[in-house]
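Q: So that we are looking at the same thing, I have put the structure below in structure tokens.
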Amino acid sequence: MAKLSLKARQKPSLAKRLRSRTGKNMKKILLGFAMIASLFMATGSSFVQAAAADLEINTPAITAIKNSMQARHPQILPHYNSGAVGLTKDGLIAVRDATAVPLKDRGGINSLVSAENADRNKLYKEIATANGHPEWEGEVRQTFAGRWVDKAQSGWWYQGASGWVKK
Amino acid sequence: MPPSARNALFALLAIIAVPAYAISSIHISVGEVDAPAGQLKNARFQVDLKGAEPTLKLSAELKPGNEKTFTAFNLNCGTFLNTRIGELDCLNGVFAAKQINVPLTAHFKSYPGDFSVNIDFMQASFSDATGIHAGEKLTGKVILAARKQADVWHWSGVFNWTDGELYWQPFYFGKAGNSFAIGGTFKAPMLQIREANLLVNEVGSMSASAHINTQTKKVEDVKVVAKEVDFAGLYSLVLKPMVEKSAFGNLKVSGKADWQFEMKNLQPTSFELNLKNAHVEDLKGKFELNDINAHIPWDYDVPQTVELSYSQGHVLNMPLGNTRLQAELNRYSVTAPSLVLPVLDGALKFEDVSAAYLNQQWFWHLKMQLQPISMNQFSQTLGWPEMQGKVDGQVPLITYANKQLSMDGAMQFNMFNGSVRMYDLRIDDPLGTVPRLYANLEMRDIDLGDLTRTFNFGAIEGKLEGDVKDLRLESWKPVHMDAIIQTADGKHRKKVSQRAVENITALGGEGTAAALQRTFLRFFKEFNYEKIGLSCQLRQDVCKMGGVESTPTGYVIVKGKGVPTVTVNGYTEYVSLTDLLARIKRITDSNSKMIVK
């Protein structure tokens with residue numbers, strides 16, 4: 001009897017693949033989180049748990065949300081630049097100054113912002129769920145809120161502790 | 001100043017005369033005026049007579065009755081003329097306030113029982129604080145006039161502009177050349193708008209009438225009629241802002257439309273939209289309909305019959321034939337016992353259709369029957385490998401509520417001489433960014449000969465059956481299932497070609513496909529088999545693989561029978577689904593020439 005063996009190029013185990021997917025960036029993030037987490041360790045804060053959250057985790061849902069946000073980005077970009085739209089401290093965006101929106105776009109600005117916020121809310125929820133800890137949604141949101149501000153271009157507006165700030 | 005004004009304080013009336021017999025300027029300051037229409041404070045009125053022409057400078061703070069804060073404004077007139085008693089001219093003037101700048105020339109006339117104002121504005125810009133009412137670079141004219149006859153005021157107004165743009169939430173008037181003319185009567189407390197005509201550039205004209213009770217501030221009766229307007233203009237101006245978030249918010253349309261609606265006490269009471277030879281195309285390519293003729297009446301109290309027809313079109317690339325539809329519109333619900341949409345050489349028949357719009361959400365249910373469609377045309381249309389035979393099927397009751405679509409009973413499609421059944425179907429948020437589908441699938445008696453020829457996998461003769469339990473798709477990608485597909489037992493012909501064996505082997509990984517060629521088995525074109533099967537327990541992207549039998553080191557995918565016998569064993573227990581699908585695609589794609597029999 002001829003026996004054909006299936007020498008499939010074995011994929012590494014799921015855990016291995018997740019580790020390699022996250023890569024060096026993940027190590028940096030984990031290290032950063034670990035340092036901060038150690039400061040809070042004594043308090044038993046839930047943030048300690050979030051230290052292990054993989055923010056780069058990918059699922060079909062997360063990919064779909066990111067694609068949707070990327071497709072929308074060129075439409076919002078001029079409004080970030082003009083200051084019409086700013087980044088809020090809870091990881092969303094808001095119409096900061098509607099009068100800075102050209103009249104022809106003014107009718108669509110609210111639906112644009114609400115569609116973006118719906119995606120952002122889903123993104124935080126999906127990342128927390130994909131990490132197996134839906135209760136981490138709040139921490140994921142806060143971390144992203146900081147990231148959006150860090151990534152914001154100079155001249156964009158974001159919500160600081162005491163109101164809108166121009167970067 | 002109205003008779004009811006109180007607390008009026010004339011703080012200073014200074015008349016400075018140099019030389020003693022000539023007046024060079026007039027200053028009037030008013031501390032505060034309180035009237036039912038609003039409040040005025042810090043008013044300063046200065047007429048300068050020193051130059052060749054008198055000039056006016058007026059500044060004050062105004063708070064209309066319905067506002068909470070005072071707004072400062074200035075009116076400067078480069079030339080301020082008072083040629084007749086009761087008439088004033090402001091030439092080269094500018095009216096300015098926060099977010100308002102209106103260069104203007106105005107003529108005011110005020111006699112007892114006769115009042116008019118005629119303003120030409122140039123490159124004017126204005127906006128309210130929230131920006132929901134705004135105009136930019138507007139050039140045009142406003143004429144307002146009122147005359148009292150007996151105890152009724154007859155009034156009229158014209159507002160038109162030849163340049164600039166206007167946004168009045170939710171409407172945007174981008175093309176200049178619009179004109180708004182309005183006229184009526186006023187006898188306290190009723191304001192009658194007898195006729196309001198709005199001529200919108202590139203749309204057409206609309207007319208409206210209304211009754212407004214100024215005491216209760218109730219709009220008691222409104223009627224708007226628009227005949228033979230351009231559908232593209234009507235869509236972008238009126239309909240698009242209303243359906244912005246729906247599937248109809250991103251359309252390219254053309255054709256003519258008649259449109260009218262009536263409101264009583266701010267509640268819509270009737271509506272009618274008629275479309276003539278219209279064309280509607282979704283800009284994302286999801287659907288397109290040609291030669292649409294529609295009669296869409298709606299009445300709050302009386303159920304109406306909607307009629308819609310189109311000559312052809314497509315939905316998700318699926319061609320639609322000449323169609324006539326009829327449904328009943330009853331307040332906020334639409335029902336139809338049967339709707340037939342010709343599709344290719346068959347039809348999609350919807351039965352027991354019912355939809356309702358409540359609390360800004362759609363709820364609907366329907367049954368569906370797919371009348372036989374040639375797989376040949378169907379597969380070509382979708383760009384799939386060419387298939388033979390016909391597909392038909394039945395979909396039991398589908399319900400959509402709270403952004404969730406669910407199906408009672410099983411959906412069955414007949415294809416490849418067998419059947420595919422789907423049951424326990426539920427889709428959460430089907431139109432959202434992350435739709436989630438839950439279902440179970442069952443395949444029975446699928447003719448493997450037809451199937452493998454279609455997908456050019458290498459011939460396998462036999463019957464295929466399969467079960468996919470707890471299937472879960474996330475954004476239409478599988479993330480969970482317990483699936484098994486295998487050949488059916490029975491006394492039918494069971495043959496597998498050499499190429500099919502190679503392809504099955506290749507599914508497990510490249511490198512092993514040539515193994516067959518290195519043995520004497522390469523001289524045989526086909527082999528008998530007892531069973532072929534694969535199973536996958538999918539969790540996220542990782543599939544735990546299995547076959548028709550387990551072995552100490554793996555599982556059997558092809559269990560041969562007779563002599564010569566071919567057996568394909570699998571050793572890889574965990575496989576990435578992405579990789580597995582990529583391999584299947586490579587196998588079917590590499591055989592670029594389709595074999596169709």
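Q: Multiply the residue gap between B:Glu228 and B:Met190 by 0.36 nm, knock off their C-alpha separation, and tell me the result in nm, one decimal place.
A: Numbers: separation 38, 0.36 × 38 = 13.68 nm, distance 3.19 nm.
Extra length available between B:Glu228 and B:Met190 comes to 10.5 nm.
Q: Sorted by accessible area with a 1.4 angstrom probe, largest first, how do B:Phe108, B:Phe378 fall? Before the final figure, lay out each step's value.
A: Working: B:Phe108 75, B:Phe378 40 Å².
If we order B:Phe108, B:Phe378 from most to least accessible, we get B:Phe108, B:Phe378.
Q: Still on this model: When the Cα centres of the stretch B:460-504 and the stretch B:367-440 are compared, how far apart do they sit, in Å?
A: That distance is 19 Å.
Q: OK, next. With a sphere of radius 10 Å drawn around the Cβ of B:Gly184, what net charge do the other residues whose Cβ falls strictly inside it have (Lys, Arg +1; Asp, Glu -1)?
A: Net charge in that neighbourhood comes out at 0.
Q: Pick out, from A:Val101, A:Val165, B:His365, the residue whose Cα sits farthest towards the positive end of the charge dipole of the protein assembly as shown, with +1 on the Cβ of Lys and Arg and -1 on the Cβ of Asp and Glu.
A: Checked the options; the winner is A:Val165.
Q: Within the stretch B:220-246, name every residue whose backbone N is under 15 Å away from a label modeled 7 Å from Cα of B:Ile132 along the Cβ vector.
A: Within reach of a label on B:Ile132: B:242.
Q: Ok, one more. Kindly report the accessible area of the stretch B:120-255 per residue (heavy atoms of protein chains, probe 1.4 Å, no ligands, DNA or RNA), in Å².
A: 53
Q: Let's see if you can work this out: charge +1 on each Lys and Arg Cβ, -1 on each Asp and Glu Cβ, no other charges. What is the dipole magnitude of chain B about its Cα centre, in debye to the nearest 20?
A: Here the size comes out at about 940 debye.
Q: Would you be so kind as to list the residues of the stretch B:552-585 that have their accessible area lowered by at least 40 Å² in the full protein complex compared with their chain by itself (1.4 Å probe)?
A: B:Thr567, B:Asn569, B:Tyr571, B:Thr572
Q: Skipping prolines and chain starts, which residues have an amide H placed within reach, meaning under 5 Å, of the one on B:Ala43, given they are 5 or more residues away or on another chain?
A: B:Val30, B:Glu61
Q: So what is the relative contact order of the stretch B:356-429, in percent, for Cα pairs below 8 Å that sit 6 or more residues apart?
A: Details: 141 pairs, mean separation 19.2, N = 74.
Rounded, it is 26 percent for the stretch B:356-429.
Q: Can you give the FRET efficiency for A:Arg147 and B:Tyr300, using 1/(1 + (r/R0)^6), R0 = 51 Å, r = Cβ-Cβ distance, to the nearest 0.05?
A: Numbers: r = 51 Å, r/R0 = 0.99.
Using R0 = 51 Å, I get an efficiency of 0.50.
Q: Using the alpha-carbon atoms, what tilt in degrees (0 to 90, nearest 10) does helix B:577-590 show relative to the longest principal axis of chain B?
A: 70
Q: Can you list residues whose amide H is under 5 Å from B:Gln404's amide H, if they're 5+ apart or on another chain and H is modeled 1.01 Å from N?
A: Amide H neighbours of B:Gln404: B:Asp429.
Q: Given the options B:Ala356, B:Phe413, B:Thr399, identify the residue whose Cα lies farthest towards the positive end of the charge dipole of the stretch B:345-442 (+1 on Cβ of Lys, Arg; -1 on Cβ of Asp, Glu).
A: B:Ala356
Q: Moving on to the next point. Ballpark to the nearest 100 Å², how much total accessible area do A and B bury together, probe 1.4 Å?
A: In total, this chain pair buries about 3200 Å².
Q: Set the Förster radius R0 to 30 Å, insert the Cβ-Cβ distance between B:Thr83 and B:Ser29 as r into 1/(1 + (r/R0)^6), and round the FRET efficiency to 0.05.
A: Here the calculated transfer efficiency is 0.70.
Q: How would A:Ser154, B:Ser156 line up by accessible area, probe 1.4 Å, largest first?
A: A:Ser154, B:Ser156
Q: A follow-up question, please. With θ set to phi - 60°, apply the Karplus curve 6.51 cos²θ - 1.76 cosθ + 1.60 along the stretch A:84-94 and write out the HN-Hα couplings as whole Hz, x wherever there is a Gly or Pro.
A: 5, 10, x, 8, 8, 6, 9, x, 10, 10, 8
Q: If the chain between A:Ala52 and A:Ala118 were fully stretched, how many nm would it gain, using 0.36 nm times the residue separation less the Cα-Cα distance?
A: Stretched fully, the A:Ala52-A:Ala118 segment lengthens by 21.2 nm.
Q: Another question about this same structure. Can you list residues from other chains, or at least 5 along the same chain, whose modelled amide H is less than 5 Å from the amide H of B:Val566?
A: HN-HN under 5 Å from B:Val566: B:Gly560, B:Lys561.
Q: With point charges of +1 on the Cβ of Lys and Arg and -1 on the Cβ of Asp and Glu, referenced to the Cα centre of the protein assembly as shown, which listed residue (B:His314, B:Val142, B:His279) lies farthest in the positive direction of the dipole?
A: B:His314
Q: Sticking with this structure for a sec: Please compute the modelled spin-label separation between B:Asn359 and A:Arg72, points set 7 Å along Cα→Cβ, answer in nm with one decimal.
A: 2.4
Q: Mind listing the phi-derived Karplus ³J(HN,Hα) values for the stretch B:228-234, rounded to whole Hz, using 6.51, -1.76 and 1.60 with θ = phi - 60°, and x for any glycine or proline?
A: 6, 7, 6, 5, 4, x, 4
Q: Then there is this: Once neighbouring chains are kept in place and the probe is 1.4 Å, which whole percent of the accessible area of the protein assembly as shown is contributed by carbon and sulfur?
A: Carbon and sulfur atoms account for 57 percent of the accessible area of the protein assembly as shown.
Q: Ok, one more. ³J(HN,Hα) across the stretch A:121-127 via Karplus (A = 6.51, B = -1.76, C = 1.60, θ = phi - 60°), whole Hz, x for Gly/Pro?
A: Listing the rounded values in order: 4, 5, 4, 4, 5, 5, 5 Hz.
Q: To continue, here is another question. In whole Å, what is the distance between the alpha-carbon centres of the stretch B:145-217 and the stretch B:74-114?
A: With the stretch B:145-217 and the stretch B:74-114 each reduced to a Cα centre, they are spaced 22 Å.
Q: Whole angstrom only: what separates the Cα centroid of the stretch A:96-135 from the Cα centroid of the stretch B:249-308?
A: The two parts, judged by their Cα centres, are 31 Å apart.
Q: To the nearest 10 degrees, how steeply does helix B:498-507 sit against the main Cα axis of chain B, on a 0 to 90 scale?
A: Taking the Cα atoms of chain B, the angle to B:498-507 is about 50 degrees.
Q: Grab the Cα-Cα distance for B:Glu351 and B:Tyr332, subtract it from 0.36 nm times how many residues apart they are, and report the gain in nm with one decimal.
A: Once the chain is fully extended between B:Glu351 and B:Tyr332, it gains 4.9 nm.
Q: Further question on the same structure: For the stretch B:269-348, state which trypsin sites (Lys or Arg not before Pro) are in a DSSP loop and have at most 16 other beta carbons lying within 10 Å of their beta carbon.
A: Those that pass, being in a loop and sparsely packed, are B:Lys284, B:Lys286, B:Arg331.
Q: Between B:Ala410 and B:Ala150, what is the FRET efficiency for a Förster distance of 51 Å, r being their Cβ-Cβ separation, to the nearest 0.05?
A: So the FRET efficiency works out to roughly 0.10.
Q: Calculate the dipole size of the protein assembly as shown relative to its Cα centre from +1 charges on Lys and Arg beta carbons and -1 charges on Asp and Glu beta carbons; express the result in debye to the nearest 20.
A: So the magnitude is around 2780 debye.
Q: Further, regarding this structure: List for the stretch A:74-101: residues with 50 Å² or greater reduction in accessible area, all protein chains versus chain alone, probe 1.4 Å?
A: Buried on complex formation: A:Thr99.
Q: Separation between the B:Ile143 and B:Gln380 pseudo-spin-labels, each 7 Å from Cα along Cα→Cβ, expressed in nm?
A: Modelled inter-label distance: 6.5 nm.
Q: With the crude spin-label approximation of a point 7 Å out along Cα→Cβ, what separation in nm comes out for B:Ala52 versus B:Asp163?
A: The answer from the label model is 2.5 nm.
Q: Report, in deg cm²/dmol and to the nearest 500, the calculated mean residue ellipticity at 222 nm for chain B, where each DSSP H run with n ≥ 4 adds -39500 (n - 2.57) and the sum is divided by the residue count.
A: Mean residue ellipticity, 222 nm, calculated: -2000 deg cm²/dmol.
The values are calculated or read from the model by the stated rules, or taken from the named source; none is laboratory data. This structure is a prediction, so every number in the text was calculated from the model and none was measured. We place every Cβ from the backbone using ideal geometry, glycine too, and count neighbours over all the protein chains shown. Note: accessible area is taken over every heavy atom of the protein model, side chains too, but ligands, DNA and RNA are not part of it. Shrake-Rupley method; radii C 1.70, N 1.55, O 1.52, S 1.80 Å.
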